[in-house]
Amino acid sequence: MSDAPANRRGRLLIASPSLLDDNFRRAVALVLEHSDEGALGLVLNRPTGLVATEALPERIADLLPPAELVHEGGPVQPEAVIVLADFLDPSLAPTLAFGSVGIVDPERLASTPAEIRAARAFGGYAGWAAGQLEREIEEEAWIDSEAMAGDVFTATPEDLWSDVLERKGGTYRLVARMPEDPTLN
């Protein structure tokens with residue numbers, strides 16, 4: 001069994017090849033909250049075609065790099081927007097996920113992103129009911145990994161699933177190199 005912590009807040013969950021739910025196929029999710037009541041996370045590797053400056057209110061879009069795309073954070077409440085940032089001063093984050101990466105409160109930040117190193121907007125989120133995430137991990141639907149700021153703000157989100165598995169090493173490297181459809185191998 002894994003030596004991962006029981007509380008997955010601030011951890012990455014990598015969808016195992018056996019997880020066939022289209023919402024999470026080859027997904028990498030960052031867990032933002034995890035308690036006895038359930039868990040909430042964001043899928044990090046699903047950019048949409050929506051340009052943030054065109055799709056989001058100005059006060060939020062101003063925090064993001066020019067031409068940044070909104071990412072699909074998960075299937076729950078797709079109209080809800082959560083912005084993650086790598087804060088220069090982590091005390092400015094209302095909720096920290098890990099290290100200096102946390103949720104942005106656009107009302108607390110100045111109109112310029114001087115307080116942050118990087119930011120990314122997510123529409124929707126992933127949610128798990130009480131005990132659901134624990135059951136899915138026990139069933140080996142998810143692979144636990146340590147999160148790094150570069151995972152959240154990667155310039156190549158389409159490679160994140162493979163990149164994180166490669167970083168874990170060992171047999172996970174073999175999984176990282178699996179074709180998406182093994183029957184085509």
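List the trypsin sites (Lys or Arg not before Pro) within region 1-101 that DSSP assigns to loop and that have no more than 16 neighbouring Cβ atoms inside 10 Å.
Sparse-neighbourhood loop trypsin sites (Lys or Arg not before Pro): ARG25.
Springs between alpha-carbon pairs under 10 angstrom, Gaussian network model over the chain: which of PRO157, PRO57, PRO75 fluctuates most?
Result: PRO57 has the largest fluctuation of those listed.
Cut-off is 10 Å between beta-carbons; in what order do SER35, SER162 appear when sorted fewest neighbours first?
SER35, SER162
State which stretch of the chain is the longest one without any exposed GluC sites (Glu not before Pro), exposure meaning a DSSP loop state and at most 15 other Cβ atoms within 10 Å. Working shown, then result.
Values: sites that count: GLU37, GLU107, GLU139, GLU140, GLU180.
Answer from the scan: 38-106.
Sequence-distant or interchain residues sharing an amide H contact under 5 Å with LEU50, placed H: which?
Hits under the 5 Å cutoff: VAL70.
Quick note: the coordinates plus some simple rules give every number you see, no bench work behind them. If you're wondering where the values come from, they're calculated on a predicted model, not measured in any experiment. With ideal geometry, Cβ positions are generated from the backbone for all residues, glycine too; neighbour counts draw on all protein chains shown.
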